[in-house]
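Encoded as structure tokens, the structure appears first; notes follow it.
The values are calculated or read from the model by the stated rules, or taken from the named source; none is laboratory data. Quantities reported herein were computed from a predicted structural model and do not represent experimental measurements. Backbone-built Cβ (ideal geometry, glycine too); neighbour counts: all protein chains shown.
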Amino acid sequence: MLQVNQATPSGQWDVGRPALPAEITAWDIDVNPAGEGLPPGSGTHEMGARVWVAKCAVCHGAAGEGNEQYPRLVGREPEEEFPFGRQLRYVRTVGNYWPYATTLYDYIRRAMPLTAPGSLTPDEIYGVVAWLLVENRIVPPGAVIDARTLPQVRMPARDRFVDDDRTGGKEFR
């Protein structure tokens, strides 16, 4: 017969243990739009091109063109006035849709490559971010991307989003 742990007199369940500080630190990897949470390291388009070929192109294509299964990541069309959901012929890419450059770092760090998420080093991630930003004509080819420069990158679609200024409360539960 399966036994279920019961609550102790203090109301705590007799399961697990408190997380150690090092365990919490290992999972505390979020990066916000201002760049808080970005680790030390740096990358360039050239460095990112090597990582892209080795770990990204198999899914997203050699030039970031994507395929039937994996999204296109490179492309700026239309250059201005992206119609978001009104014109389905335009694919949302890093160059025409993403509002924050720091989101690239955060997402790649957590989820890529698909076959081994979390396996890229900070320098490899900064390199891939640099590659994507250069290929989308957002930064010049010689740009060095790091924790200082990445939050300063102004994405083309930045002003097309509305800030979420909700403060919470009953109406948002």
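Residues in the stretch 137-173 that are over 16 Å from the mean Cα position of the chain (by Cα) and either of a type in the set (D, E, K, R) or under 18 Å from C56 (Cα atoms) (or both): R137, R148, D159, R160, D163, D164, D165, R166, K170, E171, R173. On inspection, T93 qualifies as among the polar types (S, T, N, Q) and either in contact with a His (Cβ under 7 Å, 6 or more places away or on another chain) or closer than 29 Å to V162 by Cβ (or both). The single condition from (1) touching a helix residue (DSSP H, G or I) at 6+ places or on another chain (Cβ under 9 Å); (2) at negative phi that I24 fails is (1). Checked across the stretch 138-146, the condition of being closer than 20 Å to I29 by Cα and either surrounded by fewer than 22 Cβ atoms within 10 Å (Cβ to Cβ) or touching a Ser or Thr at 6+ places or on another chain (Cβ under 9 Å) (or both) holds for at least one residue. Residues in the stretch 53-69 that are surrounded by 15 or more Cβ atoms within 10 Å (Cβ to Cβ) and part of a loop (DSSP other than H, G, I, E, B): G61, G64, E65, G66. Regarding P78, is this residue in contact with a strand residue (DSSP E or B) (Cβ under 7 Å, 6 or more places away or on another chain) and under 26 Å from D163 (Cβ atoms)? Against the criterion (in contact with a strand residue (DSSP E or B) (Cβ under 7 Å, 6 or more places away or on another chain) and under 26 Å from D163 (Cβ atoms)), P78 does not qualify. For first residues located in the stretch 101-125 and more than 19 Å from I138 (Cβ to Cβ) and without any contact (Cβ under 8 Å) to a residue 24 or more places away in the chain, partners that are in a helix (DSSP H, G or I) and of a type in the set (A, V, I, L, M) and lie 6+ apart or on another chain with Cβ distances below 8 Å form the pairs P117/A111.
Out of contact with any strand residue (DSSP E or B) (no Cβ under 7 Å at 6 or more places or on another chain), at negative phi and modelled with pLDDT of 95 or more, is that true of T149?
Spelling it out, T149 is indeed out of contact with any strand residue (DSSP E or B) (no Cβ under 7 Å at 6 or more places or on another chain), at negative phi and modelled with pLDDT of 95 or more.
Taking into account only those residues within the stretch 13-52 that are of a type in the set (G, A, S) and surrounded by 13 or more Cβ atoms within 10 Å (Cβ to Cβ), which is farthest from E65 (Cα to Cα)? Steps first, answer last, please.
Taking the stretch 13-52 as the starting set, the residues that turn out to be of a type in the set (G, A, S) are 16, 19, 22, 26, 34-35, 37, 41-43, 48-49.
Then drop every residue that is not surrounded by 13 or more Cβ atoms within 10 Å (Cβ to Cβ), which leaves 35, 37, 41-43, 48-49.
Values: G35: 27, G37: 30, G41: 27, S42: 25, G43: 22, G48: 16, A49: 14 Å.
Only one residue tops the list, namely G37.
Screening the candidates T102, T93 for the property of being surrounded by 15 or more Cβ atoms within 10 Å (Cβ to Cβ) and in a helix (DSSP H, G or I) yields one hit, T102.
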